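Each remark here refers to the structure printed beneath this line.
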Amino acid sequence: MASSQSSLSHLFSTPTTTSLQIAPTTSDDESAYIDWDNLGFQLMQTDYMYVTKCSDDGIFRQGQLNRYGNIQLSPAAGVLNYGQGLFEGTKAYRREDGRIFLFRPEQNAMRMQIGAERMCMPCPSTDQFVEAVKQTAIANKRWIPPFGKGALYIRPLLIGSGPILGLAPAPEYTFLVYACPVGYYFKQRTATLNLYVEEDVHRASRGGAGGVKSITNYAPVLKAMKNAKANGYSDVLYLDAVNKKYIEEVSSCNIFLVKGNVLSTPIAKGTILEGITRKSIMDIAHDLGYTFEERLIEADELFTADEVFCTGTAVGVAPVGSITYKGQRIEYKISSDLSCKQFYSRLVGIQRGVIKDERNWIVEIE
């Protein structure tokens, strides 16, 4: 069988300056030399990235697949000076029969459109977004882990790439999609999360951009994350910035509480990112007969919850083993019959084709 590079060469254009080292193939399945059993969540350069631009008319042109490599930006680019940028995260999975599929990519497209409107940016259409993700996945097919070993994490970026000196929207925008094979997000792998409730540093405030996936939401939490991890915690759970008593979300994922047959998650009112996995778990919980609540949740409710777990594209569905709040460590019982494990099992079953996809969440790309 010819290599993926030669069979797809008519689709790709190659920049004049790229020093990317391409991993050799191992057999006819064209898979890269990777220890699939020990994938973490760290950058691994793959083969291709998708790039397209638009200017004053707000229309994104037909994009192209370039070899993965550095991009050129003006020092005055809007994204560098004023943080005008958004990103998304989705995954491509390989099923047992070798077929490749995406999970709800149109939801990522629509979320980026909402974020672009908030950040005064033009945005690709849903069809353009999904097609770019598909092309990126196919071009990097050999980097998609074998069935059950992980996924190809796909990162769409929308940035103000045009130069601008005064505070104003950039004159040009770049939509770029790259990919990387990933396994577990947290180093603990199958272990439970150990969270710390941050009372002084806040992730978002009312009227801000906390409800969209703006790049400006993430650097401000790095200090709190660094301090928490230095003290042995997995991540940080943030409170609302006004009352300082309602839980909102973890640094990179949403949070749920279970009490009896009731599943609760903080209501999204502009300070919480509405995750795709979050939405999916809501639907799955309803299917399994749970009562679902999206509401304000006081941090004190953490003391009486039966179970707590986090969700996100990167983290999947991760049970929480403990939360430290106001100097008290709250321990949660971990067992095989946790609600979150039921939700995750159903989610994975749908993704793998074991459970019927009744909501058309799965998009097959090959």
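The values are calculated or read from the model by the stated rules, or taken from the named source; none is laboratory data. What you are looking at is a predicted structure, and each value in this text was computed from that prediction instead of being measured. Please note: Cβ atoms are built from the backbone with ideal geometry, for glycine as well, and neighbour counts cover all protein chains shown. Please note that ligands, DNA and RNA were not included when accessible areas were found on the heavy atoms of the full protein model with its side chains. Shrake-Rupley method; radii C 1.70, N 1.55, O 1.52, S 1.80 Å.
Filtering the stretch 224-272 to residues that are free of Cβ contacts under 8 Å to residues at least 24 places away in the same chain and not polar (S, T, N, Q) leaves LYS226, LYS229, ALA230.
Residue check: VAL262 meets all listed conditions (1) within 18 Å of ALA191 (Cα to Cα); (2) of a type in the set (A, V, I, L, M, F, W, C); (3) at pLDDT 95 or above but one, namely (1).
Counting the residues of the stretch 258-313 that are under 18 Å from the mean Cα position of the chain (by Cα) and polar (S, T, N, Q) gives 5. Pairs linking a residue in the stretch 25-47 that is on the phi > 0 side of the Ramachandran plot to a residue that is at pLDDT below 70, with Cβ atoms under 7 Å and 6 or more positions apart or on different chains, are GLU30/SER3; GLU30/SER4. Scanning the stretch 325-366 for residues that are under 30 Å from LYS141 (Cβ atoms) and in contact with a Gly (Cβ under 7 Å, 6 or more places away or on another chain) turns up TYR344, ILE355.
What do you reckon, is GLY78 in contact (Cβ under 8 Å) with a residue 12 or more places away in the chain, crowded, with 19+ Cβ neighbours inside 10 Å and touching a Gly at 6+ places or on another chain (Cβ under 6 Å)? For GLY78, the condition - in contact (Cβ under 8 Å) with a residue 12 or more places away in the chain, crowded, with 19+ Cβ neighbours inside 10 Å and touching a Gly at 6+ places or on another chain (Cβ under 6 Å) - is met.
Of all residues in the stretch 119-152, which are crowded, with 22+ Cβ neighbours inside 10 Å and among the aromatic types (Phe, Trp, Tyr)? Answer for the stretch 119-152, where residues must be crowded, with 22+ Cβ neighbours inside 10 Å and among the aromatic types (Phe, Trp, Tyr): PHE129, TRP143. Flag: GLY98 matches the condition of being more than 30 Å from TYR233 (Cβ to Cβ) and either in contact with a Gly (Cβ under 6 Å, 6 or more places away or on another chain) or of a type outside the set (Val, Ile, Thr) (or both). Every condition in (1) under 18 Å from the mean Cα position of the chain (by Cα); (2) more than 30 Å from CYS340 (Cα to Cα) holds for ARG111 except the one numbered (2). All of (1) assigned to a loop (DSSP other than H, G, I, E, B); (2) open to solvent by 90 Å² or more (accessible area, probe 1.4 Å) hold for ILE355 with one exception: (2).
Taking the stretch 312-333 as the range and being outside any strand (DSSP E or B), surrounded by 15 or more Cβ atoms within 10 Å (Cβ to Cβ) and not aromatic (Phe, Trp, Tyr) as the test, the residues that pass are THR313, ALA314, VAL315. ARG206 passes every criterion in (1) out of contact with any helix residue (DSSP H, G or I) (no Cβ under 7 Å at 6 or more places or on another chain); (2) assigned to a loop (DSSP other than H, G, I, E, B); (3) at pLDDT 95 or above; (4) open to solvent by 30 Å² or more (accessible area, probe 1.4 Å) apart from (3).
Of the residues in the stretch 272-311, how many are within 24 Å of TYR185 (Cα to Cα) and either open to solvent by 70 Å² or more (accessible area, probe 1.4 Å) or in contact with a His (Cβ under 9 Å, 6 or more places away or on another chain) (or both)? Of the residues in the stretch 272-311, 1 are within 24 Å of TYR185 (Cα to Cα) and either open to solvent by 70 Å² or more (accessible area, probe 1.4 Å) or in contact with a His (Cβ under 9 Å, 6 or more places away or on another chain) (or both).
Does any residue of the stretch 122-129 turn out to be touching a Ser or Thr at 6+ places or on another chain (Cβ under 7 Å), at negative phi and among the polar types (S, T, N, Q)? The answer is no; no qualifying residue exists.
For every residue, the table says whether it meets (1) among the small types (Gly, Ala, Ser); (2) in a helix (DSSP H, G or I); (3) more than 16 Å from the chain's Cα centre (by Cα).
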site	(1), (2), (3)
TYR93	no, no, no
GLU106	no, yes, no
PRO122	no, no, yes
VAL130	no, yes, no
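In the set (1) touching a helix residue (DSSP H, G or I) at 6+ places or on another chain (Cβ under 8 Å); (2) assigned to a loop (DSSP other than H, G, I, E, B); (3) among the hydroxyl-bearing types (Ser, Thr, Tyr), TYR233 fails one condition alone, (1). Out of ALA137, ALA116, ALA109, report the one residue that is closer than 23 Å to GLN45 by Cβ and of a type in the set (Gly, Ala, Ser). Every option except ALA137 fails the conditions.
With the condition kept exactly as written, say whether any residue in the stretch 228-239 is open to solvent by 10 Å² or more (accessible area, probe 1.4 Å), modelled with pLDDT of 95 or more and closer than 28 Å to LEU158 by Cα. Within the stretch 228-239, not a single residue is open to solvent by 10 Å² or more (accessible area, probe 1.4 Å), modelled with pLDDT of 95 or more and closer than 28 Å to LEU158 by Cα.
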